[in-house]
Ligand SMILES: Cc1cc2nc3c(=O)[nH]c(=O)nc-3n(C[C@H](O)[C@H](O)[C@H](O)COP(=O)(O)OP(=O)(O)OC[C@H]3O[C@@H](n4cnc5c(N)ncnc54)[C@H](O)[C@@H]3O)c2cc1C
């Protein structure tokens, strides 16, 4: 039996089978076979989630063979991306078409279906998350058919599946809204944390991308801004001062294995929430050294988006994978919840379905539609089934 581990190594599973379908027909056949065998079906992208979304004792579908990108509509700047395509596989072919992703997160190792399924985001007050860029999906459903859905056709299925937590069907490809190719310039500076917290609105408005990291125990935060430039790329690139195409400047290298909790709070509560976390860590966890990260995300209308209906600040807390993360994460979660926080779907949280329902206004809509398309729960693993209303 082949076992499975996520990126950090902290999560592991013994799926009944790990399957690597290479065609749509093979996916449809696997769904039917799992159904007949009484096994559940979960997909995995690049296994970068810290939440047990891909943990299953059923059939695990690795969708890596579904890779590639093609321009679907040049005028509207829409591209079709295979579900298993890694983000790092998109930059060069999109650039060759004069196109680029609107935004990216900290890294580029994930699969497109994985980032969509969890609402993965970057930073930028005017910039939405990956799920919001999806304008159409091709998806294999529980009872067999492969369907195309978008806001006009099967609109509720589209809403549920564009941030689907791997639980609505097997995404085969996604149509993404992109923009013209663009270049960026990155800059970093150090500033006292108190000063940064007083000026986040100013910095957020002044830069296309603004974020900062703070290492507990330090007085200063490491601030980063990235802005559009007409300047040519500068090779070789110097981390922290890169000038280049968007896909060269937005993602960074994150080799140190960690686990992570991240919450999204209303933008106006970001600085106060961060200050409370600083005080908590300084007082109760004096040995805690991993950085906190502060970013912004624009509001959207995706049912399960962390930024649903509100301008958002995201704050992440990281812990070394070899150390116990639970005491510090639980303490931080209390602070996040006091600030109307919503957990990142791909990261650690300890909330049950009832609390999630209070925080995600369309939680029940999402389950209603998910259940209508998959009444037997074929696409639910144990962790998701436990959240079912
Ligand atoms: C080092 C690191 C950096 C990160 N940086 C960021 C960041 O900057 N911003 C941010 O928001 N998050 C970030 N994350 C979190 C990460 O982006 C999400 O957890 C994301 O979901 C991982 O993508 P993946 O391809 O690894 O998906 P997986 O973890 O493999 O899967 C995630 C979900 O997608 C589903 N899925 C995958 N493929 C399909 C498919 N074909 N059909 C249906 N469902 C599918 C899975 O079932 C699962 O539910 C980071 C994580 C790590 C480890």
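At a glance:
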| item | result |
| --- | --- |
| Of all residues in region 320-336 being farther than 21 Å from residue 54 by Cβ and touching a strand residue (DSSP E or B) at 6+ places or on another chain (Cβ under 8 Å), the one that is nearest to the ligand (Cβ to nearest atom) | 320 |
| Region 222-233, residues that are assigned to a loop (DSSP other than H, G, I, E, B) and surrounded by 13 or more Cβ atoms within 10 Å (Cβ to Cβ) | 233 |
| Residue list for region 245-267, filter: within 17 Å of the chain's Cα centre (by Cα) and under 30 Å from residue 339 (Cβ atoms) | 250, 251, 252, 254, 258, 259, 260, 261, 262, 263, 264, 265 |
| Among (1) touching a strand residue (DSSP E or B) at 6+ places or on another chain (Cβ under 6 Å); (2) surrounded by fewer than 20 Cβ atoms within 10 Å (Cβ to Cβ) - the single one residue 36 does not satisfy | (1) |
| Yes/no for residue 306 being assigned to a loop (DSSP other than H, G, I, E, B) and closer than 25 Å to residue 52 by Cα | yes |
| Enumeration of residues in region 374-383 that are surrounded by 22 or more Cβ atoms within 10 Å (Cβ to Cβ) and closer than 20 Å to residue 303 by Cα | 379, 380 |
| Considering residues of region 13-23 that are assigned to a strand (DSSP E or B) and within 14 Å of the ligand (Cβ to nearest atom) only, the residue nearest to residue 55 (Cα to Cα) | 13 |
| Matching residues, region 34-45, being over 19 Å from residue 137 (Cβ atoms), touching a residue at least 60 places away in the same chain (Cβ under 8 Å) and not in a helix (DSSP H, G or I) | 40 |
| When residues of region 1-12 are limited to those that are part of a strand (DSSP E or B) and within 12 Å of the ligand (Cβ to nearest atom), the one surrounded by the fewest Cβ atoms within 10 Å (Cβ to Cβ) | 5 |
| Search result, residues across region 262-285 that are surrounded by fewer than 22 Cβ atoms within 10 Å (Cβ to Cβ) and not in a helix (DSSP H, G or I) | 266, 285 |
| Filter result for the condition that a residue is closer than 30 Å to residue 210 by Cβ and in contact (Cβ under 8 Å) with a residue 24 or more places away in the chain, over 18, 78, 31 | 78 |
| From 100, 144, residue being over 17 Å from the mean Cα position of the chain (by Cα) and at pLDDT below 95 | 144 |
| Output for region 155-166, where each listed residue is more than 7 Å from the ligand (Cβ to nearest atom) and either in contact (Cβ under 8 Å) with a residue 40 or more places away in the chain or under 15 Å from residue 141 (Cβ atoms) (or both) | 156, 157, 158, 159, 160, 161, 162, 163 |
| Out of 330, 338, 342, sole residue that is touching a helix residue (DSSP H, G or I) at 6+ places or on another chain (Cβ under 6 Å), farther than 25 Å from residue 60 by Cα and modelled with pLDDT of 95 or more | 342 |
| Strands (runs of 3 or more DSSP E) fully within region 52-146 counting 3 or more residues that are in contact with a strand residue (DSSP E or B) (Cβ under 8 Å, 6 or more places away or on another chain) and more than 10 Å from the ligand (Cβ to nearest atom) | 69-73, 78-82, 134-140 |
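The values are calculated or read from the model by the stated rules, or taken from the named source; none is laboratory data. None of the values given here were measured: they were computed from a predicted structure. Don't worry about glycine lacking a Cβ; one is built from the backbone with ideal geometry, like all the others, and counts go over all protein chains shown.
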